[in-house]
Each structure stands twice: as C-alpha cells, then as structure tokens.
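As structure tokens, the structure follows; a few thoughts come after it.
The values are calculated or read from the model by the stated rules, or taken from the named source; none is laboratory data. Since this is a predicted model, take the numbers as computed values, not measurements. Cβ sites come from the backbone with ideal geometry, for glycine too, and all protein chains shown count toward neighbours.
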Amino acid sequence: MSSFLEAAHLLHERLEAALKAVDLSPAKFAALDQLMQAGEPLPLRVLSEGQRCAPSNMTQLMDRLEADGLVRRLPDPSDRRSVRAELTKLGRQRATAGAKVIAKVQADFAKAVSKADTAALQRLVESIRVPASPSRG
C-alpha cells in the first residue's frame, strides 16, 4: 500500500511542478480546463460540481483566477442571482499550456511504465474503487 501511495505522491509532484512552470496550480488548471472543455461560460455552481468542491471554494478560486486575468465573471442571463465564469484570451492560453505540460508528464509516465505494470495498476485501482452504495427504500 505504501508503494502505491508513494507512486501517486511522486506523480502528483511531477504534475504540480509541470503546472507551476506555466504559472498554474492543479486547482487553477482544473477549473480552466473545465471551462475550456465546455467552450462557453459556466455558472460557478456547475464549476464547483465539476471540481467536487464547495461553492465557497470555487468563489475563492474564481477570485484568484480573475485577479490573474484568466477568467472574467459575467451575469447569468437565465438567473440574475447567478454568475458565470468565462475564459479570457490569457486564460485560454494558460489552459492550453497546462494541457500540454500535463500531456508531457503523462507521456513520460507511460514510457517509464511497462504495459504489464499499467494493466496491474488499472486492476488495483478497480479493486479498491468504492462501489456505489445501494439505495434505501
């Protein structure tokens, strides 16, 4: 178990370092990437659900992204109580740069790990994945 955790930690460190080189944190990249994939402004509620975080955390993250010039907040035309986040040109550039460095780390990892080890790792992940709990009626 400790080897599995150590491998995950080391890979996470590589991802963080790669993102830091393009001036992003994992949280910032994840939000920018979600906006990039959506291709349109998203309500902060949708972003927080996509990132599995509390809405207050997303608001704080949006504050930082907006201060960095990576997103802008827009009123939601369908709900005046809601706000949407939109990527700026710089935000799109950073999201693209982040995706490239992530892809490089993933490619380097794939080269370093044999197909047999990759299959074993996938089996391990599947074996520890928590199944959905049955609904109670």
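Assorted remarks:
- Filter result for Ala17 (in a helix (DSSP H, G or I), surrounded by fewer than 14 Cβ atoms within 10 Å (Cβ to Cβ) and small (Gly, Ala, Ser)): yes
- Filtering segment 25-47 to residues that are closer than 15 Å to Arg64 by Cβ and under 11 Å from the mean Cα position of the chain (by Cα) leaves Ser25, Pro26, Ala27, Lys28, Phe29, Ala30, Ala31, Leu32, Leu35, Leu47.
- Residue within segment 30-37 that is touching a residue at least 12 places away in the same chain (Cβ under 8 Å) and small (Gly, Ala, Ser) present: yes
- Selection within segment 30-45 - out of contact with any Ser or Thr (no Cβ under 9 Å at 6 or more places or on another chain) and not in a helix (DSSP H, G or I): Gly39, Glu40, Pro41, Leu42
- For segment 94-120, residues that are of a type in the set (Gly, Ala, Ser) and either modelled with pLDDT under 95 or in contact with a His (Cβ under 7 Å, 6 or more places away or on another chain) (or both) total 7.
- Residue check, Val101 assigned to a loop (DSSP other than H, G, I, E, B) and touching a helix residue (DSSP H, G or I) at 6+ places or on another chain (Cβ under 8 Å): no
- Among (1) at pLDDT 95 or above; (2) acidic (Asp, Glu); (3) assigned to a loop (DSSP other than H, G, I, E, B), the one test that Asp63 misses: (3)
- The one condition from (1) buried (at least 16 other Cβ atoms within 10 Å of the Cβ); (2) touching a residue at least 40 places away in the same chain (Cβ under 8 Å); (3) closer than 20 Å to Leu19 by Cα that Met62 does not meet is (2).
- Meets criteria (surrounded by 15 or more Cβ atoms within 10 Å (Cβ to Cβ), out of contact with any strand residue (DSSP E or B) (no Cβ under 6 Å at 6 or more places or on another chain) and part of a helix (DSSP H, G or I)) for Ser48: yes
- Odd one out for Ala27, checked against (1) modelled with pLDDT of 95 or more; (2) in a helix (DSSP H, G or I); (3) surrounded by fewer than 13 Cβ atoms within 10 Å (Cβ to Cβ); (4) of a type in the set (Gly, Ala, Ser): (3)
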